[in-house]
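To start, the structure itself, in structure tokens.
The values are calculated or read from the model by the stated rules, or taken from the named source; none is laboratory data. Since we're looking at a predicted model, the values are computed, not measured. Here the Cβ is made from the backbone with ideal geometry for all residues, glycine too, and neighbour counts use every protein chain on show.
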Amino acid sequence: MDTNPDLPRQTMGDFLGELAARLSAPGAGAAAAIEAALAASLVAMVGRFTTDEEHAELVGGVITAADDHRAAALVAAADDETAFSAVAEAMKLSRDTDDERASRRQALTDAQLAAARPPQAILGIATELVTLAERILPVANRNLVSDVAAATAAARAAATTALLAVETNLVGLDAEGAAEDLAAAAGTADEVARRADAVEAAVRKAIRG
């Protein structure tokens, strides 16, 4: 099994095998990143099939941004695996003495704060992907508008899953900024869901005429 968290060179089968295995990572955070990467790929695909010269500049910008977000999501997936592995290691630290317990508590706090960062990044990526979907929908190839909605559905899933990963690391954590980061993550996930629902409704209306 490939345990190197290098998503761009792993096959999907290898990644899913690791996800299904009894391993500390990958987990929900990496899954959120893959969901975001799927959303980015769908947006880019719609752009590449949208060939109207009148909208070439807009579409080109969307494609470039979507490709960049796909790459960033894969980086976040690998970062999440590394960060969560650090949490697992911190949890194994000895706690036999007061000093060891204090040291373990600090190490675990630091590791959890770090582990919250990749899913926080995914929340930002999901937001940007919904924006790209909103931009391309009015000019998209009419045969692919359902893929725009599929992209926002994947972005919504990414945001929801990423929020769960943030909550796992930050809820109840007595660290500066943790509560604020948690509230911001929840707000972002709600916004992504609301906007994704609106895109889906618009697409269903277009499909039904």
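Below, the figures for the structure above:
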read-out: Members of the stretch 40-98 found to be acidic (Asp, Glu) and under 21 Å from the mean Cα position of the chain (by Cα), listed by number; value: Asp67, Asp68, Asp79, Asp80, Glu81
read-out: Answer from Gly177, Gly172 - the residue that is surrounded by fewer than 17 Cβ atoms within 10 Å (Cβ to Cβ) and more than 22 Å from Gly27 (Cα to Cα); value: Gly177
read-out: From the options Leu129, Leu173, residue that is in contact (Cβ under 8 Å) with a residue 12 or more places away in the chain and under 30 Å from Ala88 (Cα atoms); value: Leu173
read-out: Complete set of residues in the stretch 26-41 that are of a type in the set (A, V, I, L, M) and surrounded by fewer than 24 Cβ atoms within 10 Å (Cβ to Cβ); value: Ala28, Ala31, Leu38
read-out: Selection within the stretch 146-191 - at negative phi and not in a helix (DSSP H, G or I); value: Val171, Leu173, Asp174, Ala175, Glu176
read-out: Among residues of the stretch 55-94, those that are over 23 Å from Ala158 (Cβ atoms) and hydroxyl-bearing (Ser, Thr, Tyr), counted; value: 1
read-out: Some residue of the stretch 148-159 being among the basic types (Lys, Arg) and more than 15 Å from Ala28 (Cα to Cα); value: no
read-out: Any hit, the stretch 95-112, residues being surrounded by 19 or more Cβ atoms within 10 Å (Cβ to Cβ), touching a residue at least 40 places away in the same chain (Cβ under 8 Å) and not in a loop (DSSP other than H, G, I, E, B); value: yes
read-out: Selection count, the stretch 38-61, where residues are acidic (Asp, Glu) and within 18 Å of Thr131 (Cβ to Cβ); value: 1
read-out: Some residue of the stretch 127-146 being at pLDDT below 95, buried (at least 16 other Cβ atoms within 10 Å of the Cβ) and under 17 Å from the mean Cα position of the chain (by Cα); value: no
